[in-house]
Each structure stands twice: as structure tokens, then as C-alpha cells.
Amino acid sequence: MKYSSQMVAKPYFIFALILLAGEILFGLIMGTQYIAGDFLFPEIPFNVARMVHTNLLIVLILFGFMGATFYLVPEESERELWSPLLAKITFWVFAAAGVATILGYLFVPYATLAEITMNELLPTMGREFLEQPTITKIGIVIVVLAFILNVGMTVLKGRKTVITVVLLTGLVGLAVFFLFAFYVPENLVMDKFFWWYVVHLWVEGVWELILGAILSFVLIKVTGVDREHIDKWLYLIIAMTLVSGIVGTGHHYFFIGTPDYWLWIGSIASAVEPLPFFLMILYAFSMAKQRRIDHDNKMALTWAKGTAVMAFLGAGVWGFLHTLAPINFYTHGTQLTAAHGHLAFFGAYIMILFTIISYAMPIMRGRPHGNGPKAQAVELKSFWMMVIGMLGLTAALTVAGFIQVSLQRLPDVGALSFMATQDEIVSVYKVRLAFGILVLAGLFTYFYSFFVKEETA
Amino acid sequence: MTERITKNMARNIYFGGSIFAILVFVGLTFDTVQQVPKLSNDDKITESVARGKNLWEVNNCVGCHTIMGEGAYYAPELANVFDRRGMKNEVAFKAFLQGWMAAQPLQEPGRRKMPQFNLSESQVNDIADFLIWTSRIDDNEWPPNIEG
């Protein structure tokens with residue numbers, strides 16, 4: 001570690017990992033409710049568990065992004081962070097707001113939470129993934145602005161690299177598109193149309209810039225490949241991302257009351273969306289092949305390659321499976337959508353966090369060459385447990401989606417009702433839950449790798 | 001393949017491509033915003049429909065149900081529940097919804113549970129009006145059949 005202010009990243013990473021454990025735990029609760037409908041009812045109804053699950057996911061990724069940024073920006077800019085104190089304050093404010101919001105979901109009925117937080121003054125609650133009380137949303141804006149100010153000043157005053165400029169572009173985009181969360185028109189179609197400005201343009205737009213920048217940073221560090229080369233790849237990947245991803249928002253505009261030209265435009269643009277992820281695989285593997293140094297932290301490179309492959313599978317392949325309008329007509333809003341969502345989020349955004357954490361955490365803990373071989377062996381085990389768990393879970397949800405489409409959507413006469421169809425899928429949901437448990441076991445194994453003692457140390 | 005592309009070329013592709021994509025998307029957004037009022041019968045959004053949408057939100061209905069295919073996949077699609085459970089008859093649908101909401105949670109062991117939201121009669125009617133309005137949106141003939 002070259003700059004002491006990089007240390008502010010540590011609590012961000014640790015908190016992100018703790019939230020990840022909570023996120024998976026609530027996933028398991030829902031996985032059980034899919035099998036036994038009255039599990040934990042009325043204490044934790046499904047919708048509450050789901051809010052906690054998805055909101056924890058978003059918040060933990062934001063914490064991870066912030067930690068990654070605080071770690072890599074000083075090193076790239078070749079100067080200390082503009083204000084380490086502000087970074088610490090940002091952490092505590094965000095953590096407190098996040099915890100308070102989650103506790104609000106769990107212990108107060110949602111309608112009461114809306115009342116207490118005076119949602120009626122500026123109603124923004126009750127939309128998927130944007131369930132946070134308006135006051136929390138305002139808090140998020142303030143936190144993100146303070147964060148961007150801190151990072152922006154550091155970048156401006158220091159050396160500007162392609163990585164930091166791309167990262168900052170992604171972060172500013174994240175902040176700008178979040179503002180659409182405050183626009184809730186009476187017309188449901190308009191509401192949905194601009195809701196995707198937050199959700200899609202985050203996940204399939206600006207977040208990919210952040211992902212590309214973090215991946216590039218780690219690849220430079222562990223392969224020693226020439227920066228010119230890395231920069232070129234990064235530009236190509238994010239070019240493909242934005243060219244396909246922005247107009248690709250159209251694949252959400254097929255069946256929500258928007259004009260029918262989106263059927264064509266959305267299908268064509270989003271058919272290109274796997275391309276940047278495919279480039280990312282070529283990128284990670286060819287950088288690994290051309291490496292000039294053999295870094296002792298093997299796991300960081302393993303996670304980097306894993307991110308590229310799993311993001312391509314989850315976002316690219318599983319996205320493409322149902323992105324063409326004639327297919328989406330039958331699969332829209334089924335378990336197939338859930339399958340894609342799970343593998344894409346894990347492959348792209350959870351694995352990139354493991355990549356940067358696996359690289360940076362040992363350094364911040366005084367091990368510049370990475371953890372010892374024993375700890376890395378445990379970590380490799382956790383890598384495969386989580387990857388296999390997520391692949392199995394996704395495969396199960398995909399099978400569930402196919403059954404749902406064939407029983408409920410395809411038949412013109414004699415289609416089963418939603419609830420009757422779900423009864424037919426219960427055995428598949430059991431397989432899904434089993435793989436979900438494997439993922440959590442994998443995460444605990446990962447945690448354990450932090451505490452493995454090396455004999456020589 | 002990347003040997004022939006220089007860093008400058010890659011940067012130009014990034015800036016040029018992104019600006020082009022943004023322009024296309026902004027243009028289509030303007031056109032969509034023009035067309036949505038007609039496709040969604042914006043003039044039919046009464047105060048009751050608007051109140052119904054707000055109730056839909058503050059009770060987090062989308063945490064279990066889908067509406068036009070978006071939401072959670074734990075409970076049935078509701079954009080066409082007026083067609084499915086109300087047989088496109090407004091009086092019948094409202095009567096059905098009053099009974100349905102009052103009966104929750106159903107006492108069937110093992111069945112997925114819908115919470116009791118303790119809504120007033122007029123609130124349930126507002127939700128019904130919102131769902132009736134939603135069912136008439138031109139959403140390219142989705143879903144494929146009545147089961148949603």
C-alpha cells in the first residue's frame with residue numbers, strides 16, 4: 001500500500017461482506033417460503049424478506065464500489081485522498097442510514113413506515129428496488145455527493161489515468177441516474193419507463209464502467225501488463241457496453257405500454273449486450289497470459305478471471321436467452337428472469353468485489369504479497385463453493401422458468417393458473433434452496449480464510 | 001485482433017459510440033413520452049386511480065406480485081386481474097376484490113400467505129380502479145393468455 005489514506009477502504013469492504021451474508025440469509029428465507037408458504041408468516045412476509053434481500057444487495061455493492069474507489073484512486077492519482085475524514089464520516093452516515101432502513105422494513109409494517117417517514121410529502125416508496133423511504137433516498141444522494149466530491153478532488157489534483165477517469169464517469173453517472181428515483185408520476189407507464197433509467201442504466205450501463213475500471217486496476221497490479229494495453233481494452237469494453245446497453249434499455253419496453261418500435265430496437269440493441277462481457281473474458285485471460293510478473297496473490301487473478309467468465313454467463317448468455325421480444329413475450333416476469341438476475345448480479349458485481357477485496361485486503365492487513373498459501377487454498381475452496389452454488393441455483397431457476405412457461409404461458413387452452421403452476425415446481429425450488437445453502441457455506445468459508453494461520457508466519 | 005487498434009482509436013470509438021447511443025436514446029425517449037398518454041389512456045386517470053396507485057405503492061404490492069410482468073414472482077400477475085377475476089365487469093370485480101382483501105390471510109396450511117392490510121372499503125375500491133385502468137393499457141397484447 002503506497003498511501004496511508006487507502007486504509008479508509010477497509011471498513012467499507014468489511015461492511016459490504018457482512019451485508020452480503022445478510023443478503024444471502026434473506027434469500028434463503030425466501031427460498032424456503034417458495035416451498036413452505038407459511039414459513040415465518042406473519043413475522044417476515046415474503047415482500048419484506050425480498051425488500052431486505054434486494055436492498056442489501058444494492059447497498060452492499062455501493063459500499064464495495066466506494067471501498068474499491070477509496071483504495072485505488074490514491075494509488076492511481078499518486079497522492080493521498082483529498083479528505084480521509086470525510087470518507088470516514090461518509091461510511092458511518094451511510095452505514096447508519098442503511099441499518100435504520102433495513103430495521104424499518106423488518107419491524108414496522110411498510111405502510112406505517114411510509115407514514116412515519118412522511119412519504120406523502122414526496123412519494124417515492126413502493127417501487128421495486130427503490131423501496132427506501134424518501135428520507136433515506138435523500139440521505140443516499142448526500143452520501144454519494146460527499147463521496148464524489150472526495151474522489152473527484154483527489155483525481156483532479158493528482159495524476160489522471162484512464163482507469164480513474166472511467167471510474168469517475170461511472171460514479172457520476174450512478175449519481176445522476178439515481179435522481180430519477182424521485183420522479184414518480186401518476187401514470188404507471190411513465191413511472192415504469194423512467195424507473196428503468198435508474199435500474200437498467202445503473203446495472204447495464206454506468207456500473208459496468210465501474211466494474212471495468214476496478215477489473216483493470218487489479219489486472220495491472222497482478223499481471224504487470226503495460227498500462228497502454230490495459231487502457232485500450234478498457235476503452236473498447238466500455239464502448240461496447242454503452243453502445244449496446246443504453247439503447248438496450250429497450251428490452252424492458254416491450255410490454256409495459258410503451259410504443260411498439262421498442263420491440264425491434266430493444267431486441268437488436270440488447271442482442272449486442274453480451275459482446276462487452278465476451279471482450280472482458282478475452283481481456284482477463286489474455287492479460288493473464290501476457291503477464292510480466294507472477295504475483296503471489298494467485299486468488300486475486302482467479303477472482304478477476306472468474307468475474308469475466310461468470311459475468312459473461314449471467315449477464316451475457318442468460319440475458320440473451322430471453323432478450324428477443326418474441327421469446328420475452330412468453331418468458332417476461334417468470335423464474336427465467338430471476339435466474340438471469342441472480343447469475344448476472346453475482347457474476348458481475350459480487351465477484352468484482354471479491355476480486356478487489358481479495359487483492360486489497362491482504363495488503364491493508366500488512367501482507368503485500370497476498371495471503372499465505374494455506375489461506376489461499378481455503379479461499380479457492382470458497383470460490384468454487386460460491387460459483388457452483390450460484391450456477392446450480394441459476395440452473396434450477398432456469399428449469400423452473402421453462403416449466404412455468406410451458407404450463408402457464410404457452411397453452412392457448414387449458415393453461416394452468418399461476419398458483420397451480422407454482423405447485424408443480426416445488427421440487428425444483430428445493431434444489432434451488434440446496435444450492436443457495438452452498439453459496440452461504442461458501443461465503444462463510446471465505447470469511448474463514450481471513451483467519452487461517454500460516455505455520456511460517 | 002486488438003493489435004491493429006490503437007489506444008486513441010479505442011478512445012474515439014468509446015466517445016463517438018456513447019454519444020451516438022445517448023442521442024438515439026434521448027430521441028426515442030422524447031417520442032415515447034409523446035405517445036404514452038394515448039397508449040395508456042392518460043385522460044382516464046381519475047383521482048381514485050391515482051390514489052389506488054399510491055396504495056399499491058405504500059403497501060409494497062410489487063414485493064410479491066408482478067404488474068405488466070414487473071415485480072416479484074411469488075404471486076399472480078395483476079395487470080390483467082380485472083379480466084381474469086372480474087370478467088371485465090367493474091361491479092363484479094370490486095365485489096370480488098372487497099371479499100378477497102377481507103379474507104386475507106387465507107387459512108390454508110402451507111399455502112403462500114398474503115398479509116392482511118386492513119384497508120377501508122373506499123381504499124380497496126381505489127386499488128380496484130387503479131387495476132381496472134392498468135388492464136386497459138396497450139401493452140402489445142401481453143400476457144399471452146388470461147393466466148398472466
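The values are calculated or read from the model by the stated rules, or taken from the named source; none is laboratory data. Because the structure is predicted, anything quoted here is derived from the model rather than measured. Virtual Cβ from ideal backbone geometry, glycine too; neighbours counted across all protein chains shown. The area values use the complete protein model at the heavy-atom level, side chains included, leaving out ligands, DNA and RNA. Shrake-Rupley method; radii C 1.70, N 1.55, O 1.52, S 1.80 Å.
How much net charge surrounds residue A:313 when only the other residues with a Cβ under 14 Å from the Cβ of residue A:313 are counted, with Lys and Arg +1 and Asp and Glu -1?
0
Straight-line reach from residue A:453: which lysines have Cα under 20 Å away, leaving out those fewer than 8 places along the same chain?
Partners within reach: A:298, A:374, A:381.
Say the cut-off is 26 Å between C-alpha atoms; which of A:157/B:7; A:160/B:7; A:88/A:160; A:137/A:430; A:192/A:305 go over it?
A:137/A:430; A:192/A:305
Work out which residues of region B:99-119 lose at minimum 50 square angstrom of accessible surface when the other protein chains are put back, relative to the chain isolated, with a 1.4 angstrom probe, and list them by number.
Checking the loss per residue gives B:112, B:113.
Relative contact order for chain A using alpha-carbon pairs under 8 Å, separation at least 6, rounded to a whole percent? Display every interim value, and only then the final one.
Values: 655 pairs, mean separation 64.7, N = 457.
The value is 14 percent.
When Lys and Arg each count +1 and Asp and Glu each count -1, what net charge do the other residues less than 14 Å away from residue A:260, Cβ to Cβ, add up to?
Net charge around residue A:260: -3.
What figure, in Å² to the nearest 10, do you get for the accessible area of residue B:18 with a 1.4 Å probe and non-protein molecules left out?
Using a 1.4 Å probe on the heavy atoms, I get roughly 10 Å².
With the contact rule set at Cα under 8 Å and sequence spacing of 6 or more, what percent relative contact order holds for region A:16-100?
Once divided by the residue count of region A:16-100, the mean separation gives 33 percent.
So, in region B:41-148, how many Lys pairs have Cα atoms under 21 Å apart, if the pair is 8 or more places apart or on different chains?
Step by step, the pairs that qualify in region B:41-148 add up to 5.
What is the gain in length, in nm to one decimal, between residue B:103 and residue B:89 on full extension, counting 0.36 nm per residue of separation less the C-alpha to C-alpha distance?
Additional length available on full extension: 2.9 nm.
Which residues in region A:419-451 place their backbone N less than 19 Å from a point set 7 Å from the Cα of residue A:21 along the Cα-to-Cβ direction?
Correct set: A:436-451.
Between region A:273-292 and region A:409-457, how far is it from one alpha carbon centroid to the other, in angstrom?
Distance between centres, Cα-based: 29 Å.
With every protein chain present, what accessible area does residue A:298 have (1.4 Å probe, heavy atoms only), rounded to the nearest 10 Å²?
Its heavy atoms expose roughly 110 Å² to the probe.
Using alpha-carbon positions, what is the distance between the centroids of region A:175-198 and region B:12-89, in Å?
10 Å
For B:56, A:92, give the ranking by accessible area with the largest first, probe 1.4 Å.
Heavy-atom accessible area, descending, gives A:92, B:56.
For the protein assembly as shown, what % of the accessible area comes from carbon and sulfur atoms, probe 1.4 Å?
68 percent
What nm distance separates the two modelled labels at residue B:122 and residue A:294, each placed 7 Å from Cα along Cα→Cβ?
Rounded to a tenth, the inter-label distance reads 7.8 nm.
Between residue A:89 and residue A:286, how many nm apart are label points set 7 Å from Cα along the C-beta direction?
Placing both labels 7 Å along Cα→Cβ, they lie 4.6 nm apart.
Counting only C-alpha contacts under 8 Å and six or more residues apart, can you give the relative contact order of region B:41-148 as a whole percent?
Over region B:41-148, the number comes to 36 percent.
Leaving out ligands and nucleic acids, and using a 1.4 Å probe, what accessible area per residue does region A:295-395 come to in Å²?
30 Å²
Among all stretches of chain A without exposed GluC sites (Glu not before Pro) (DSSP loop, at most 13 other Cβ atoms within 10 Å), which one is longest? Walk me through the numbers before you get to the answer.
Working: sites that count: A:43, A:78, A:454, A:455.
Segment A:79-453 is the longest.
Under the Karplus relation 6.51 cos²θ - 1.76 cosθ + 1.60, θ = phi - 60°, what is the ordered set of whole-Hz ³J(HN,Hα) values for region A:200-205, x standing for Gly and Pro?
6, 5, 6, 6, 10, x
At 1.4 Å probe size, with every protein chain present, just tell me what the per residue accessible area of region B:41-148 comes to in Å².
Each residue of region B:41-148 exposes 42 Å² on average to a 1.4 Å probe.
Interface size between chain A and chain B, please: total buried accessible area, 1.4 Å probe, rounded to the nearest 100 Å².
Values: alone 19270 and 10570 Å², together 23270 Å².
Chain pair A/B: roughly 6600 Å² of buried accessible area.
Sorting B:122, A:267 by accessible area (1.4 Å probe), largest first, what list results?
B:122, A:267
Provide the per residue accessible area, probe 1.4 Å, for region A:1-120, rounded to a whole number of square angstrom. Don't skip to the end; give the middle numbers.
Numbers: 4460 Å² over 120 residues.
Per-residue value: 37 Å².
Where the only charges are on Cβ atoms (+1 Lys, Arg; -1 Asp, Glu), what is the dipole of chain A about its Cα centre, to the nearest 20 debye? Walk me through the numbers before you get to the answer.
Details: 27 positive and 28 negative charges, 295 e Å.
So the dipole magnitude of chain A works out to roughly 1420 debye.
Can you sort A:305, A:2 by 1.4 Å-probe accessible area, starting with the largest?
A:2, A:305
Once the Cα atoms of helix A:335-344 and of chain A are each reduced to a long axis, what angle between those two axes, in degrees from 0 to 90 to the nearest 10, is obtained?
It is inclined by approximately 0 degrees.
Using a 1.4 Å probe on the heavy atoms of the protein chains only, list every residue of region A:330-345 that has 40 Å² or more less accessible area in the complete assembly than in its chain alone.
For region A:330-345, once contacts with the other chains are taken into account, A:332, A:333 lose 40 Å² or more.
Full extension from residue A:419 to residue A:157: what is 0.36 nm times the residue separation minus their Cα-Cα distance, to one decimal in nm?
88.4 nm
What whole number of Å gives the distance from the Cα centroid of region B:108-148 to the Cα centroid of region A:294-346?
The distance from the Cα centre of region A:294-346 to that of region B:108-148 comes to 32 Å.
Averaged over peptide A:105-118, how many Cβ atoms belonging to another chain are found within 10 Å of each residue's Cβ?
Average neighbour count from other chains, rounded to a whole number: 2.
What are the principal axis extents of the Cα atoms in region B:31-148, in Å, biggest first?
The principal-axis extents, from largest down, are 49, 30, 26 Å.
Excluding residue A:131 itself, what net charge comes from residues whose Cβ is under 12 Å from its Cβ, given Lys and Arg +1 and Asp and Glu -1? Each step should come with its number before you reach the end.
On the way: positive: A:50, A:127, A:137; negative: A:128, B:57.
With Lys, Arg at +1 and Asp, Glu at -1, the neighbours total +1.
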